[in-house]
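Some notes on the structure that comes next.
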Amino acid sequence: MKLLEDKIISDGQVVSSEILKVASFLNHQIDIELLDKMGEEFARLFKDKKVTKILTIEASGIAIACATARFFHVPVVFAKKNRSRNINDDVYCSDIFSFTHEETYHAIVTKKFLTKDDHVLIIDDFLANGAAIKGLIDIISQSGAEFVGAGIAIEKGFQAGGKELREKGYKIESLAIIESMSKDGITFRH
Ligand code: 5GP
């Protein structure tokens, strides 16, 4: 998506060869006009799918998921990040290793918000090694719902997650795929 690629070039900050900071429009301050266009694009990419719920993970996925849900007219459910495992049996729980914080947390979703009758689209801000998406897919499978695919704002194509998930046959659509990045610049895959 050209609009997002241009924004990454103009406002993104390459922190290291593996970390891109997009705090000024996605992760801290939020560009709502851009998010609206991203939601519209996800709606186009998944228009052939029956979607009854959008699943994301707090915090940065929520705004993008909401912008997308406006086009599908379905609720957004976000997984909460817990440090301690919630032993309630009214929740689904999956352990996720955080790429940016280098620690494992527990992603929790209350059972009544995902049921076997749901068709779930996952939306998230970044795809790196795929741990977050795999954890959310695990939660969907615990609920018996159908996973219809994942929409990602920014995929770092030089990390393994996207390739692995597509090889499993999942529909993964990323609005911008970074081929490589350094302080000298960013190149996108088309
Ligand atoms: P994964 O689980 O695919 O390894 O990493 C995805 C998660 O880590 C995303 O939910 C995102 O919050 C965070 N993340 C991964 N790479 C980056 C990055 O380069 N920049 C930022 N801001 N977050 C990232």
- request: Check residue 188 against each of (1) more than 22 Å from residue 3 (Cβ to Cβ); (2) within 15 Å of the ligand (Cβ to nearest atom) and name the one condition it does not meet.
  value: (1)
field: Filter pass, residue 102 being within 16 Å of the ligand (Cβ to nearest atom) and of a type in the set (Asp, Glu)
entry: yes
- prompt: Across the range 4-25, what is the number of residues that are open to solvent by 50 Å² or more (accessible area, probe 1.4 Å), hydrophobic (A, V, I, L, M, F, W, C) and more than 9 Å from the ligand (Cβ to nearest atom)?
  reply: 1
field: Lone unmet requirement of (1) out of contact with any Phe, Trp or Tyr (no Cβ under 7 Å at 6 or more places or on another chain); (2) open to solvent by 80 Å² or more (accessible area, probe 1.4 Å); (3) modelled with pLDDT of 95 or more for residue 53
entry: (2)
task: Give the residue, chosen from 147, 113, that is more than 10 Å from the ligand (Cβ to nearest atom), over 21 Å from residue 26 (Cα atoms), in contact (Cβ under 8 Å) with a residue 24 or more places away in the chain and buried (at least 18 other Cβ atoms within 10 Å of the Cβ).
output: 147
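The values are calculated or read from the model by the stated rules, or taken from the named source; none is laboratory data. Computed from a predicted structure; not experimentally measured. Using ideal geometry, Cβ is built from the backbone for each residue, glycine included, and neighbour counts are taken over all protein chains shown. When the accessible area is computed, the model is the full protein with side chains, heavy atoms only, and any ligands, DNA or RNA have been set aside. Shrake-Rupley method; radii C 1.70, N 1.55, O 1.52, S 1.80 Å.
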